[in-house]
Structure formats: structure tokens, C-alpha cells
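All remarks here apply to the structure that follows.
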Amino acid sequence: MKPVLAIVGRPNVGKSTLFNRLTGRRLAIVDDEPGVTRDCLYADVDVEGRGAMLVDTGGFSPGAKDEIGSGVLRSIEAAIAEADVLLLVVSARDGLHPLDREVATLARRRGRPVLLVINQADPGMSFPDWEFDALGFEGVSVSALHNQGIDGLLERLGALLPEPGTVSDSDGPAGLRVCLLGRPNAGKSSLANRLLGAERQLVSAEPGTTRDAVDLHFEHQGSRYVLIDTPGVRRRSRVHKRLEVLSVMAALRTLERTDVAILVADGSEDFSEQDQRLAHLTLERGRGLIIAVNKCDLWSSTRKKAYLDTLDHALRFARFVPRFTVSARTGVGVSALLPAVAEVYSWCGKRITTGEINRFLEVATENVSPPSIKGRRARLYYLAQTNVRPPTFVCSVNNPVLVTDSYRRYLARSLRERYPYPGTPIRFIFRSHKSDDGPRRPVRKKGRKR
């Protein structure tokens, strides 16, 4: 499992700028006004050749008395508790601040390795870095805004990462890893018991009974499975208790070690925006996905049609995801879930030969040419599958900028028409044909003289 790195510090020391710099993407909002980041943000990052999950937290401000400020503090405490390494960010521009000492005390109390990051040390700037020695941590000076000192930071960070295989939540025996994900009280533990055929999970009408991600090992029709029952993930604005913040992080971390996720939706309520977000998050993390709408035994025929229509609209971005209506209480529909999981897992690992995928590309580009942008048009030369889980395809093109989002979606739809990829996210990467990263042989057009 990937180690977790948490960026912590008081407001307006450049935590989000550092987060964006390390991830190589503008994921966090950056503004001079303190307190812009309120929710934790998560992204993959490469540290000295090792993958890790980076968490950006809100600004530490213990004097906040409003509900949002209190929620930010609970999120920070949860991130510190879950992290394997902490990046304590301070400002070279402002110097040592009393809140820096409070954050340092909180970080030290948790016993995690801490790297002091003296940010906003802009080029040509001189400052008394010795004053930060009072915090008691080894430090490195950087300017995230100007990309100064980042290589040194990553080198120091790499030395603090836990040894591979020592991160908590070990993988255990081999088996297809299935995660039960969903909102509180959707019936995940009841569904786990139904799949296992035994009362191995505590079931209660009170939301939030499951507090930790629990691994349940079993066999089904000769295949080994690891069923991971996770805490319910609420909408972030509704996560009030610190324990629930920790449960949210545990559920999100579980996705990192999951092959296929079953999103359990509560059929007694409408398919919510939070359910949508969980589906999107699962696919974004490259995991297989199926939807299980629980409590269908409570439906009338009118309610069933209304719910399924709403579900189809809510998942219009993921029409390829299989959906099942089940009842964990009666067992209706449950027997179809594991065969569907196995099928999705198989498609996640499918490889398409280079010749076959380029024949697809030839037909797709002949049927619909890339749109012209200011008189220029993308020319797709060559396509190759470079990875599985999720299936990833790299396309050599004259200029990646000319490949519009709509044309990317067209290619993905066309590929699914030939290869269904049920419940499987697929990724297209477009690279300049001048790059040395891959082959350059152009797609041969029909009737073209050579």
C-alpha cells in the first residue's frame, strides 16, 4: 500500500502551492487570502521512484470557533493521525510564528517522521533560517512558487518514507480485492455478511457502526477473495466528528489497495451527489466499479422506475458501469455480484495487441476526423497499450494540444463499442510524435500509396 504524506501548517504559508508543485497539477486553489483550503485534497505523487498519496490540509488555526473552522481542525488532526510522514510547512517570508510552534507540538505528539519545509524562500531572498531550529526538526528551504529546492525536498522526503511492505494495512493472502464503498447505513456490512454467508460484521441501524476498513478473506467457486468493508463516507461538509473524519480517510485509503469496488447505494433514499462523487473517485483512481443498489425489497413498482431513471441520469458519465438491484436482507440479486466483480477484474487486466488497436484507430479516425483548430488538425499516428489496471493507451500525435476533449471522449466511446470494458476506466495519453517515448509509425490510410 502506498505511504501517506500529509502537508500541514498554519494558513497562508503556501501549502497548496507546494501540493500543486509536487503533484505537477493545479489541483488545489491558491489565493493570498488565508483559509481557502477547507477540505483535504488527495493526489498521487512520485517520491524518488516510489508512489505515495499526498494530502493537502487546511490551515491550522485553533482559535476558530465556527463550524467550518472546527471541521478544518478535525480534518488536520485526522490527516496527522493517518499519515506516515508529515511535511510541516512554515514561511521564510514571515519568519517563526507562534502557530508554527503549535503545529510542531501537534505533529511531535503523534510520533510521525516530520520534514520541516521552509517555503516562500524566493530566489535572491535572505532570511534567518536558524530561527526555525526552535521547532526541533530537520528542515529544507524551498520556493514552491518558483520551483526552487523541490528536488532536494523530494530527496529528503524519500529518506523518511517507510520501507516497502511496512506500511499499515498489509495485503495479506493473495486474492481478488473487493471493496464495499458507500454512505453510512447503506447496508454495506449486511451485504458483506450476505456475500460471506455468515454474521462476521456488526450490523446496526445507527449510521457509522463500521469504524475501520475490515478485511474478510473467503473463497467463492474456487476463487479467493478479500472483501473489504469500509466505513461510510459522508459528504465532507457533514463530517462533524473526528472519528468520522478518520473513517473517511480509511475508506479513501482502502481504494489504494482495491481491485474492484462495489459502490453500495441506499435504495430507500435518492441516489445522491455523494454517491456520484464516490463513483467518480473510484474510476479516477483507476479501480474497477460496479453499483449495487441495496434495499430494493422496499420498492414499489413506481419507486423502482423513478429510482432507476434517476440513477441512469446521475451516472451518465459512467454508463459502462454495471448496476444491480439487491437486498442484503432477503438475498435478492446478491448472487450476481461476485461473477460481475470477476468479469470487471478480467477486463481491467485485458491487453489488446498493437496491430489490433491500430486497426481500431484507423477505422475511428476515418469515421470521424479530429476537428480543425484555427486551421490546424491533429494527426494521430500510432496507438499502443502501455498498461493495465487500468488499461492505458498512449497515442503518438503531431500536437497533443490539438486533440480536443470531445475527440478524446469519442475515441473512448468508440473503443468501448468494440471492447465493452464493463466497469473499467480506460485512459488515453497523447504524446508528441517527436518524443522519444514511443513508436512513430503512422497509421496507414486505406488506398494510400506507399
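The values are calculated or read from the model by the stated rules, or taken from the named source; none is laboratory data. Just so it is clear, the model here is predicted, and its values are computed rather than measured. Don't worry about glycine lacking a Cβ; one is built from the backbone with ideal geometry, like all the others, and counts go over all protein chains shown.
Here are some notes:
- The range 374-389: number of residues that are of a type outside the set (Lys, Arg), farther than 18 Å from Arg431 by Cβ and under 26 Å from the mean Cα position of the chain (by Cα): 1
- Within the range 51-81, tally of residues that are in contact with a strand residue (DSSP E or B) (Cβ under 9 Å, 6 or more places away or on another chain) and either over 22 Å from Ile150 (Cβ atoms) or at pLDDT below 75 (or both): 3
- Test: residue in the range 247-254 that is surrounded by fewer than 23 Cβ atoms within 10 Å (Cβ to Cβ) and either modelled with pLDDT of 85 or more or part of a loop (DSSP other than H, G, I, E, B) (or both): no
- If the condition is being part of a helix (DSSP H, G or I) and not polar (S, T, N, Q), then the range 74-100 contributes Arg74, Ile76, Glu77, Ala78, Ala79, Ile80, Ala81, Glu82, Pro98, Leu99, Asp100.
- Within the range 314-373, restricting attention to residues that are within 18 Å of Leu227 (Cα to Cα) and without any contact (Cβ under 8 Å) to a residue 12 or more places away in the chain, the residue that is farthest from the chain's Cα centre (by Cα) is Ser335.
- When the range 1-48 is filtered for residues that are part of a strand (DSSP E or B) and at pLDDT 90 or above, the ones remaining, listed by number, are Leu5, Ala6, Ile7, Val8, Val45, Asp46, Val47.
Results for (1) among the charged types (D, E, K, R); (2) in the same structural domain as Asn12 (by TED's automatic domain parsing); (3) buried (at least 19 other Cβ atoms within 10 Å of the Cβ), shown as yes or no for each residue.
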residue: Leu88; (1), (2), (3): no, yes, yes
residue: Val117; (1), (2), (3): no, yes, yes
residue: Pro128; (1), (2), (3): no, yes, no
residue: Glu131; (1), (2), (3): yes, yes, no
residue: Phe137; (1), (2), (3): no, yes, no
residue: Leu145; (1), (2), (3): no, yes, no
residue: Leu154; (1), (2), (3): no, yes, no
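- Tabulated pairs, the range 293-307, first part of a helix (DSSP H, G or I), second of a type in the set (Gly, Ala, Ser), C-beta under 8 angstrom, 6+ apart or interchain: Cys296/Gly267; Cys296/Ser327; Cys296/Gly333; Asp297/Ser327; Leu298/Gly267; Leu298/Ser268; Tyr307/Gly267
- Qualifying residue in the range 82-101 (condition: at pLDDT below 80, within 22 Å of Glu284 (Cβ to Cβ) and touching a helix residue (DSSP H, G or I) at 6+ places or on another chain (Cβ under 9 Å)): yes
- Among the residues of the range 101-143, those that are in a strand (DSSP E or B) and of a type in the set (Ser, Thr, Tyr) comprise Ser141, Ser143.
- Residue in the range 305-316 that is over 30 Å from Ala78 (Cβ atoms) and touching a helix residue (DSSP H, G or I) at 6+ places or on another chain (Cβ under 8 Å) present: no
- Within the range 108-147, the set of residues being among the hydrophobic types (A, V, I, L, M, F, W, C) and within 32 Å of the chain's Cα centre (by Cα) comprises Val114, Leu115, Leu116, Val117, Ile118, Ala121, Phe137, Val140, Val142, Ala144, Leu145.
- Inter-residue pairs, beta-carbon under 8 Å, first under 12 Å from Ala364 (Cβ atoms) and free of Cβ contacts under 8 Å to residues at least 24 places away in the same chain and in the range 397-414, second part of a loop (DSSP other than H, G, I, E, B) and of a type in the set (Lys, Arg), 6+ apart: none
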